[in-house]
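The values are calculated or read from the model by the stated rules, or taken from the named source; none is laboratory data. Because the structure is predicted, anything quoted here is derived from the model rather than measured. Heads up, the Cβs are rebuilt from the backbone with ideal geometry, glycines too, and the neighbour counts pull from every protein chain shown. Areas reflect the complete protein model, heavy atoms only, side chains present, ligands, DNA and RNA absent. Shrake-Rupley method; radii C 1.70, N 1.55, O 1.52, S 1.80 Å.
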Amino acid sequence: MKKFLQKTRHTLYESCNFLELLMALVVLIAILAACFSLGNSFFIYWNDKYSNGAFLTFVGHVFNILIGIEFLKMLCQPSEDTVLEVLIFLVARHMILEPTTAVENLISILSIGILFAIKKYITLPVRKGSFNIFSSKSDSEH
């Protein structure tokens, strides 16, 4: 019975890996489509370059593609770095593109600072035989 449960867990785990890679492929196709449509967004910006919001609209499209790329990296190779990079891009996108108050800007800046501090200083030990994306690189290499 124990071998059956282990084999079932392993099969389910591998199925999840397959589905995760399948979703990564779907995200890749969406990113490629967004990259091709970026040319159209650039021409719209260029024709309306003296408008107040034209550049921010174009930068919003670029940020969406960058966040998609970081998300794809996170799906393909989950690590604390890729998760934190996605979060940093999301906060930066919100701060740059959305109309925000001074307090919201301060909170966004503090959020990015906290994310960089987490990236630099916080590493958790990994238990042997388990997967934890917030483990130190030296622990996971052993």
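Restricting 17, 52, 64 to residues that are modelled with pLDDT of 90 or more, at negative phi and polar (S, T, N, Q) narrows the list to 64.
The residue pairs whose first member lies in the range 18-30 and is without any contact (Cβ under 8 Å) to a residue 40 or more places away in the chain, whose second member is in a helix (DSSP H, G or I) and open to solvent by less than 80 Å² (accessible area, probe 1.4 Å), and whose beta carbons are closer than 8 Å, counting only pairs six or more residues apart or on different chains, are 30/68.
Considering each residue of the range 109-120 in turn, none proves to be at pLDDT 90 or above, surrounded by fewer than 11 Cβ atoms within 10 Å (Cβ to Cβ) and outside any helix (DSSP H, G or I).
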